[in-house]
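A.B. asks: What follows is a single structure, and I will ask about it in a moment.
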Amino acid sequence: MKSQTALRYLRRPKAITITQLQHKQVRYLRAFGYEQVKALAFSEHGEPNKVLTLHQHSISPIAATSGSAVSIRFLASPINPADVNQIQGTYPSKPAFTSDLGSSTPLAIPGNEGVAEVTAVGPDAKRKLAIGNWVIPQATSFGTWRTHALTTADRLLKIEDQSGLTPLQVATVTVNPCTAVRMLKSFVSLKEGEWFIQNAGNSGVGRAAIQLGKAWGYRSINIVRHREGDEMDKMREELVGIGADAVITDQQLGSKDAKDLIESITGGERPRLGLNSIGGQATLDMAKQMEKGGHIVTYGAMSRKPLTIPASLLIFKDLHFDGFWLSAWGDRFPDQKKETIDSILKMYREGKFKEPPVEEVKWDWNTKLESLVAGVDKVWESNRYKGVFVFGKT
Ligand SMILES: NC(=O)c1ccc[n+]([C@@H]2O[C@H](COP(=O)([O-])OP(=O)(O)OC[C@H]3O[C@@H](n4cnc5c(N)ncnc54)[C@H](OP(=O)(O)O)[C@@H]3O)[C@@H](O)[C@H]2O)c1
């Protein structure tokens, strides 16, 4: 005979919030096909360590939902700077607050990127997906900082061939590598052998641009923040190891010898394309080294400083300042986004692309909120780690 607890939950067709769920109850619900979920969530914007909670709820069995429903279990979900900005409420796109998670106050789940495994498929979704497939969110603001999700097939992109790929590679493919592809291809038609310049050369986007540029025959000057002692040599070695042609520091670029330095690297050529993730003085220093008519594409503002440009760079040097936002591009061109993702995954399989070094934040069923938030804080405050939640037994 079914227990009273299980019967009560079985009668409800939608997600159920279960606070302080006992292990016994979890076992009952799982036995009846109700997946137990833990999600980092927030009900108001603010600093992650102030507003994030670990919300526990249950999702209905596929049989009790619509025909296109799909259940997924996350394998890995990155912690990107934009995710934290969304929690803070300072990012232009924001995950929606919803009551669908069964909470008394509407909640939003952060996380734009991640890879999940399909665990159940409704009859109408079977043409597209099967149990065991790996999927990534089709659009941003999916809410990937959770152990499981109940969604629909149209919100997922299937990884057609997951062989030879790791969850980490697939989890991090959508944002940084796609941004690097579009910025290298959409603003200036670089010729083989031509130089481009970028700041934050060691960032996720920067590392992707180095490797893609190399694969397409472009040469890169990579600016990184100065480091003391052998840290700088290590950084230079690391970036040269993935294909950087030159690695210089922000201090060198800001010095009076910068012009000579750039010319000694390129043999006199000046870059027509600059990729900018920093803002403020760092970007101005880069702009001064550009070729006439060149383009600086801004995609980030890590220094949080505004960009002040002398009129002479616009009038006499005819520099162009462009911006790029992957979310807008991806929403506008979903087919191109899929093609771009597939092409990077192919490079991974062929050993031509390397994922960035990451700090793994383990997430098992018993992981406490404090550990997860500490992981987010570490990534955000240090700015030196690329963080990824890696899901174990959930
Ligand atoms: N527009 C888009 O579509 C798009 C797409 C992807 C990313 N982004 C944005 O691009 C930026 C970088 O993302 P990511 O994932 O590549 O970052 P990441 O891997 O976390 O790297 C951050 C980089 O920024 C540098 N940095 C941090 N704080 C800085 C400061 N105050 N001054 C100068 N440099 C600083 C770091 O240098 P150190 O190693 O020296 O700390 C590192 O090179 C973020 O703002 C992100 O939101 C935008």
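The values are calculated or read from the model by the stated rules, or taken from the named source; none is laboratory data. Computed from a prediction, not measured in an experiment: that's the story for all the values here. Quick reminder, even Gly has a Cβ in these numbers, built from the backbone with ideal geometry, and neighbours come from all protein chains shown.
A.B. asks: State yes or no: is Asp285 surrounded by fewer than 20 Cβ atoms within 10 Å (Cβ to Cβ) and assigned to a helix (DSSP H, G or I)?
C.D. replies: yes
A.B. asks: Tell me, which strands (runs of 3 or more DSSP E) lie completely within region 217-282 with 3 or more residues that are without any contact (Cβ under 8 Å) to a residue 60 or more places away in the chain?
C.D. replies: Filter on region 217-282 gives 219-224, 246-249.
A.B. asks: Can you pull out every residue in region 322-364 that is part of a loop (DSSP other than H, G, I, E, B), over 20 Å from Asn80 (Cβ atoms) and in contact with a Gly (Cβ under 8 Å, 6 or more places away or on another chain)?
C.D. replies: Selection gives Asp364 alone.
A.B. asks: From the list Pro177, Pro92, Pro106, exactly one residue is surrounded by fewer than 23 Cβ atoms within 10 Å (Cβ to Cβ) and under 30 Å from Leu284 (Cα atoms). Which is it?
C.D. replies: Pro92
A.B. asks: Let me ask something else about it. Which residue is nearest to Pro167 (Cα to Cα), if the candidates are limited to region 360-394 and must be polar (S, T, N, Q) and within 10 Å of the ligand (Cβ to nearest atom)?
C.D. replies: Ranking the candidates gives Asn383 first.
A.B. asks: Sticking with this structure for a sec: Just a yes or no: is a residue in region 39-48 within 16 Å of the ligand (Cβ to nearest atom) and either at pLDDT 95 or above or not hydrophobic (A, V, I, L, M, F, W, C) (or both)?
C.D. replies: Yes, some residue in region 39-48 is within 16 Å of the ligand (Cβ to nearest atom) and either at pLDDT 95 or above or not hydrophobic (A, V, I, L, M, F, W, C) (or both).
A.B. asks: Let me ask something else. Can you pull out the residues in region 192-206 that are more than 8 Å from the ligand (Cβ to nearest atom) and either within 11 Å of Leu273 (Cβ to Cβ) or crowded, with 21+ Cβ neighbours inside 10 Å (or both)?
C.D. replies: Of everything in region 192-206, those that are more than 8 Å from the ligand (Cβ to nearest atom) and either within 11 Å of Leu273 (Cβ to Cβ) or crowded, with 21+ Cβ neighbours inside 10 Å (or both) turn out to be Glu194, Trp195, Phe196, Ile197, Gln198.
A.B. asks: Moving on. Write out, first by first residue and then by second, each pair whose Cβ atoms fall under 8 Å of each other, whose residues are 6+ apart or on separate chains, and whose first residue, in region 323-335, is touching a residue at least 24 places away in the same chain (Cβ under 8 Å) while the second is part of a helix (DSSP H, G or I) and of a type in the set (A, V, I, L, M).
C.D. replies: Correct list of pairs: Phe324/Met183.
A.B. asks: Kindly indicate the residue of region 288-300 that is surrounded by 15 or more Cβ atoms within 10 Å (Cβ to Cβ) and free of Cβ contacts under 8 Å to residues at least 60 places away in the same chain and also nearest to the ligand (Cβ to nearest atom) among those meeting that condition.
C.D. replies: The residue in question is Thr298.
A.B. asks: Provide a single number: the residues in region 301-327 that are within 10 Å of the ligand (Cβ to nearest atom), closer than 20 Å to Ser93 by Cβ and modelled with pLDDT of 95 or more.
C.D. replies: 4
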